[in-house]
Amino acid sequence: MAKERIDPTEHYAKVVEILTQQGLLLGSYDSAGKANVMTIGWGALGRIWSVPAWVVLVRPSRYTWRCIEHSGCFSVNVPTSGMHLVCATCGSVSGRDTDKFALCNLTAERGQMVLAPTVAQCPIVYECQVVHSNDVLPEKLAGEILSGAYMDGDYHRIYFGKVLSARAEADALTRLG
Ligand SMILES: Cc1cc2nc3c(=O)[nH]c(=O)nc-3n(C[C@H](O)[C@H](O)[C@H](O)COP(=O)(O)O)c2cc1C
């Protein structure tokens, strides 16, 4: 089904609910042009520096980290309630050695505004241009977060992505469950 432009904050509550439950799908291209997708459970949609933005956290060990470093952009894709297995797979298998779009029967569509693939099967998609990134600094982090999230180091890089496009299918909320 066709996706139409929406305000980035439309469906906000539902999108955050899915982020914190099964997760969202972060799309990017590698330097060879292969589309990759990984599950994220941490992130924030809001307004920063007067622009709509997605803030996402990606550990350097992820193949996605390398992809975003190369391309400077990413997509955030909101899966339907029927895509639990897709989220579990994309959150455990690496695109370094696997084509996850093929493995999960997903269709990669070229972004309309940025060099990042969107997931055709997701009823809401955001296209984001990185406007800032920085690394989690252990010395600046509360102790309980440090010990809970960073036992092995691998400190996230935090990407601030300006939302250049947000699109949704007309029946998105019904399909999201
Ligand atoms: C529900 C869920 C949420 C996740 N959230 C994040 C996240 O916010 N940041 C991150 O770096 N990894 C996160 N992961 C782990 C990555 O999705 C996982 O390591 C993935 O295989 C990386 O793929 P890649 O190597 O193709 O980038 C999450 C995994 C799951 C299952």
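Quick notes on this structure:
- Subset of segment 49-64 (residues that are out of contact with any strand residue (DSSP E or B) (no Cβ under 6 Å at 6 or more places or on another chain) and more than 7 Å from the ligand (Cβ to nearest atom)): Trp49, Ser50, Pro60, Ser61
- When residues of segment 10-52 are limited to those that are hydroxyl-bearing (Ser, Thr, Tyr) and closer than 18 Å to Thr118 by Cα, the one surrounded by the most Cβ atoms within 10 Å (Cβ to Cβ): Ser28
- The lone criterion from (1) without any contact (Cβ under 8 Å) to a residue 60 or more places away in the chain; (2) under 19 Å from Pro8 (Cα atoms); (3) surrounded by fewer than 13 Cβ atoms within 10 Å (Cβ to Cβ) left unmet by Gln129 is number (3).
- Where helices (runs of 4 or more DSSP H) fall entirely within segment 1-96, those with at least 1 residues that are within 19 Å of Val136 (Cα to Cα) and within 15 Å of the chain's Cα centre (by Cα) are at 63-71.
- For segment 97-126, a residue qualifies if it is hydrophobic (A, V, I, L, M, F, W, C) and in a loop (DSSP other than H, G, I, E, B), and the qualifying residues are Cys104, Leu106, Met113, Val114, Leu115, Ala116, Ala120, Cys122.
- In segment 123-173, the residues that are modelled with pLDDT of 95 or more and among the polar types (S, T, N, Q): Gln129, Ser133, Asn134, Ser165
- Boolean, Cys67 is within 11 Å of the ligand (Cβ to nearest atom) and surrounded by 20 or more Cβ atoms within 10 Å (Cβ to Cβ): yes
The values are calculated or read from the model by the stated rules, or taken from the named source; none is laboratory data. Because the structure is a prediction, the values reported are computed rather than measured. No Cβ is skipped: glycine too gets one built from the backbone with ideal geometry, and neighbour counts run over all protein chains shown.
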